[in-house]
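Colleague: Got a structure for you, written out below as structure tokens; questions coming shortly.
The values are calculated or read from the model by the stated rules, or taken from the named source; none is laboratory data. Values in this document were obtained by computation on a predicted structure and should not be read as measured data. Glycine also receives a Cβ, built like all others from the backbone with ideal geometry; neighbour counts cover every protein chain displayed.
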Amino acid sequence: MSKADLVFTHGPVHTGDPARTRATALAVTGERITAVGHDEVRELIGPGTEVVDLTGKLLIPGFQDAHIHAVYGGTELATCDLTGTVGVDDYLDRVRAYAGANPDQAWITGSGWSMESFEGGLPTRQLLDSVVPDRPVYLTNRDHHGAWANTRALELAGLTKDTPDPADGRIEREADGSPSGVLQEGATALVARLVPPTTAADRLSGLLRAQRLLHSLGITGWQDALLGVFNGQPDPSDAYLAAARAGTLTARVTGALWWERDRGAEQIPELVARRTELSHGRFRAGSVKIMQDGIAENFTAAMTSPYLDGCGCATGNSGLSFVDPAALREHVTALDALDFQVHFHALGDRAVREALDAVEAARAANGRRATRHHLAHLQVVHPQDVARFARIGAIANIQPLWAAHEPQMDELTIPFLGPERAAWQYPFGDLLRAGATLAAGSDWPVSSPDPLAGLHVAVNRMEPEATDRRVFLPEQRLDLVSALAAYTAGSAHVNGHDDAGSLRTGHLADLVVLDRDILTAPAEEIAEARVLRTYVGGQLVHAAD
């Protein structure tokens, strides 16, 4: 009997395999799992076998993130970082300090401010002018659907009270119509196009920086949700291809090619060519990202009924559908016929319905294909559409961290949705009970990439360190086994890795060792767990200090 290269003993081992959910030992030979069981696995230990004694620590399948922007996240870590606080003075102190530390930078750029920090979710250009009056400043917010600019940046972009809003966005304005300093959705490109672009070296460094971080969180693979030029941001595809060719891409990555929403079917041949060009080693680009709407906080998420105003009265605004619904059905049908997966951004209930209609049209025209279309975000899902996911085979790609009471939810969302529609938010439990396949992701750098934090919120419907102890729509909580399956097998399925996401003989040895058994610990302690080791294909890619 040939001996294993790596054996884990004295489990627990959570396999994610319905036939054997728990084991105490696991063996790896090469990049594959060769045995899962108990004491009998020790027979595979030879003189050259590395033995890892778990001593009660938990071995699980590697996490996969089904919706992330890894290169953007990695490059932003090198700019002015506004995450981790909601204090206006903190933001200004960080911008001032960053500008002072980088006197030769023509533009001050960064990300991470939160809408909840400002009245109505809207900071002003004058605030930034007070700390950097002489150089342009451009800072995207934490959800990356809006940006904050100072007066100098607006002047360089030529924005005045006479500048019209673009079709896919909005310039927030002062009383006289002058730009106030906040740009929403497609309006961000009016300034972003002037920001000095990152270089290929910057993007590659950002990818490798992100990969180290993600491996440290137990993430072994992901789907990058936007490969293309977007709102002035350079295409990150070259970083993935360079890393894959150099052998430095240790994660398994699926890329979602950006659908340019101001174009139509004429771009499909280009996507076919890019799919071939951008497939190398552990990187492949067989998905197409279609952003169908915006976000609820700035009233651009597409809803089936109008948003409310501050007095609770209906407005004339029901959000934006970026792609005409009839054209969307045609495009998705064509992409499906070419074996592309479609990765939808669908946040409002109208966008969710339009995306489901498109998937249903593709199924009717092409039959059932293994294209694994998925809808990401799903903030508001009309109850009539919940059962459609399972019926048409559309995967629910959830971002659990957002399903909690916090100021952006309580102050900038719920009042403008109204009580009935607010109760339709993030219906994870309903989707699971209706038979939908769940995948999970973070949307980092919009929110934390930590899967353990996401698991915590999926199970508790409460942020790990929340001072507000109210449970957000408790009937939509997931049990931990189901939530863990979404972050492992579900996301692996979306990403096209059916031989990952569960620990069974013959599967890829993408593994994570946690410092405790979260399946037997209290649910309120899930986020306290830490990743000790991460393996991809049996190779150690992260070891905690």
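Colleague: Would you pick out the residues in the range 83-93 that are free of Cβ contacts under 8 Å to residues at least 60 places away in the same chain and more than 18 Å from GLU172 (Cβ to Cβ)?
Modeller: GLY84, THR85, GLY87, ASP89, ASP90, LEU92, ASP93
Colleague: Can you confirm whether ASP510 is over 23 Å from the mean Cα position of the chain (by Cα) and modelled with pLDDT of 95 or more?
Modeller: In short, no.
Colleague: Of all residues in the range 47-82, how many are among the polar types (S, T, N, Q), over 13 Å from PHE8 (Cα atoms) and not in a helix (DSSP H, G or I)?
Modeller: Number satisfying all stated conditions: 2.
Colleague: Turning to a different aspect of this structure: Report, by residue number, each residue of the range 94-133 that is acidic (Asp, Glu), out of contact with any helix residue (DSSP H, G or I) (no Cβ under 8 Å at 6 or more places or on another chain) and touching a residue at least 24 places away in the same chain (Cβ under 8 Å).
Modeller: none
Colleague: GLY181 - would you say it is at pLDDT below 95 and part of a strand (DSSP E or B)?
Modeller: For GLY181, the condition - at pLDDT below 95 and part of a strand (DSSP E or B) - is not met.
Colleague: Taking into account only those residues within the range 99-150 that are in a helix (DSSP H, G or I) and polar (S, T, N, Q), which is nearest to VAL191 (Cα to Cα)? Before the answer, list the steps.
Modeller: Let us first name the residues in the range 99-150 that are in a helix (DSSP H, G or I), namely 99-101, 115-117, 119-121, 125-129.
Filter once more, keeping what is polar (S, T, N, Q): 117, 126.
Values: SER117: 22, GLN126: 17 Å.
Here the residue is GLN126.
Colleague: Which condition number in (1) closer than 16 Å to VAL512 by Cβ; (2) assigned to a strand (DSSP E or B); (3) modelled with pLDDT under 95 is the one that VAL36 fails?
Modeller: (3) is the only condition that VAL36 fails.
Colleague: Which of the helices (runs of 4 or more DSSP H) contained wholly in the range 194-289 include at least 1 residues that are surrounded by 23 or more Cβ atoms within 10 Å (Cβ to Cβ)?
Modeller: In the range 194-289, the matching helices (runs of 4 or more DSSP H) lie at 200-216, 237-246.
Colleague: Here are some conditions: (1) more than 29 Å from the chain's Cα centre (by Cα); (2) closer than 17 Å to PHE299 by Cα. GLU119 meets all but one. Which one does it not meet?
Modeller: The number of the failed condition is (1).
Colleague: Give the number of residues within the range 295-330 that are part of a helix (DSSP H, G or I) and buried (at least 23 other Cβ atoms within 10 Å of the Cβ).
Modeller: Going residue by residue through the range 295-330, those that are part of a helix (DSSP H, G or I) are 325-330.
From the residues that got through so far, the ones that are buried (at least 23 other Cβ atoms within 10 Å of the Cβ) too are 328.
Within the range 295-330, residues that are part of a helix (DSSP H, G or I) and buried (at least 23 other Cβ atoms within 10 Å of the Cβ) number 1.
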